[in-house]
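This structure is in structure tokens; I'll ask about it shortly.
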Amino acid sequence: MSDWLKRFLPFISLLALCVLIPTGEYWLLDKNPVFYSSANLAAIARQTAVITIMAMGMTMVMVSGAIDLSVGSIVGLSGVIGALAMTHGAPSVAGILICVIVGAVCGMLNGTAVAGLKIPAFIVTLGAMGIYRGLALYLCDGNAVVGLPSSFGLLAERNLFGVVPLPLLIVIVVALIVHFALSSTQLGRYCYAMGSNIEAARYAGIQVSRYQVLYYVILGGLSGFAGAIETSRLVTGQPNGGEGYELNVIAAVVIGGGSLNGGQGTAVGTIIGSLIMGVLANGGNLLQISPFIQKIIIGAVIVLAVTFDEFQRRKFESAEA
């Protein structure tokens, strides 16, 4: 496969979906397509915002050669703590900040365990996933936290100029910052260096442990922010919020060209990957495909993306040998 095709394959796939779904609406359901309606596009933007924001942080962690399976639980925990704070009188802005801080603390704990204790990221974050979820359930006794201030709902539902969903604007800002960090800063250069060869990065003088913790803190903070948006969208603090999101977040990075083996991935690619996931789910609903079949399709896409990544890695290793 040519480099050009490999580079643009996610974008081509997204364009193909954007053509096939309205075509399917017209020919299979015999109705005027609503895929390109402003209401449907706004719905896609809102539905993918939470996953995309988390995926931006996951891109940095995965490029550095690690992974985090606890991000879904961080969404739930940060949302519950932020909601509890607001029900006890904290203003909406403080509630959002609390969500971000809780997420960043969770990320710091994950990163410290991975970098300081030299425990594999998969094991650390798998355990953390259960700990954070259990803590969220304990804090609210398994019940949703209700009674949030009405102004908090604007975070997920407000439209700027009456057209642009606020979550979409947040996604754009976060993506621009992460793109700049990965492409134009020392933080990004070290990220790719660590993911390509962590021992070589150590010999080059990079303080690997410090940067590993930092990448996890960024991912945790963004997951906490995503938890605030999710809580705002649901207008309740749900202890089960974000359940299963870790799979979608990792899939968005891999489908967008990131590698489970580290050293590869971009903010732009992750946005495309996240949109593919969102458009697939939205298209499945528009075409009246069973939710169970949708899960099968999305799972198959993830397996294909990971398989493609693995073949690329083997090909690269064979070329080096």
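The values are calculated or read from the model by the stated rules, or taken from the named source; none is laboratory data. Just so it is clear, the structure is predicted and the values come from calculations on it, not from any experiment. In this analysis, Cβ positions are derived from the backbone assuming ideal geometry, glycine residues included, and neighbour counts consider all displayed protein chains. In case anyone asks, the SASA skips ligands and DNA or RNA and just uses the protein heavy atoms, side chains included. Shrake-Rupley method; radii C 1.70, N 1.55, O 1.52, S 1.80 Å.
Write down the accessible area per residue of the chain in Å², having rolled a 1.4 Å probe over the full set of protein chains.
I get 48 Å² per residue for this part.
Taking the alpha carbon gyration tensor of the range 214-321, what are the square roots of 5 times its eigenvalues, largest first, to the nearest whole Å?
Equivalent ellipsoid semi-axes, largest first: 28, 21, 11 Å.
Turning to a different aspect of this structure: Could you tell me what percent of the accessible area of the range 200-262 is made up of carbon and sulfur, with a 1.4 Å probe and every protein chain present?
On the range 200-262, the fraction of accessible area on carbon and sulfur atoms equals 55 percent.
Still on this structure, please answer the following. How large is the Kirkwood hydrodynamic radius of the range 202-253, in angstrom, based on all distinct alpha carbon pairs?
Kirkwood radius, the range 202-253: 13.1 Å.
Give, to the nearest whole percent, the P(r) tail of the range 1-106 beyond 20 angstrom, counting all Cα pairs.
63 percent
Taking the chain as a Gaussian network, Cα atoms linked when under 10 Å apart, which of Gly257, Gly188, Gly273 shows the biggest mean-square fluctuation?
Comparing Gly257, Gly188, Gly273 in a Gaussian network model of the chain, the most mobile one is Gly188.
Restricting to DSSP H runs of at least four residues, report the calculated mean residue ellipticity at 222 nm for the chain, -39500 (n - 2.57) per run over all residues, nearest 500 deg cm²/dmol.
It lands at -25500 deg cm²/dmol.
Per 5 Å bin from zero, what fraction in whole % of the C-alpha pairs of the range 110-171 is there, up to the bin with the longest pair?
The percentages, shortest bin first, are 4, 14, 13, 10, 11, 15, 15, 12, 5, 1.
Can I ask one more? Quick check: the distance between the Cα centres of the range 1-75 and the range 93-135, to the nearest angstrom?
Spelled out, the Cα-based centre of one part sits 26 Å from the other.
Determine the sum of side-chain charges near Val71: Lys and Arg each +1, Asp and Glu each -1, restricted to other residues whose C-beta is under 15 angstrom from that of Val71.
-3
Using the 2.2 N^0.38 Å rule of thumb for compact globular proteins, work out how the range 132-283 stacks up: its C-alpha Rg over that value, please.
With N residues counted in the range 132-283, Rg over 2.2 N^0.38 Å equals 1.21.
Extension gain Ala42-Tyr26, at 0.36 nm per residue separation less the Cα-Cα distance, in nm?
3.7 nm
Rounded, prolate or oblate: which one fits the chain, using the alpha carbon gyration tensor with axes a ≥ b ≥ c (rounded when a/c is under 1.5, else prolate when a/b beats b/c, else oblate)?
In terms of gyration-tensor shape, oblate.
What is the packing order of peptides 36-46, 290-300, 83-93, taking the mean over residues of other C-beta atoms within 10 Å and listing the highest first?
Those peptides, ordered most packed to least, come out 83-93, 36-46, 290-300.
Given the options Ser259, Ser209, Ser151, which has the most mean-square fluctuation in a GNM of the chain, springs set between C-alpha atoms less than 10 angstrom apart?
Of Ser259, Ser209, Ser151, the Gaussian network model singles out Ser151 as fluctuating most.
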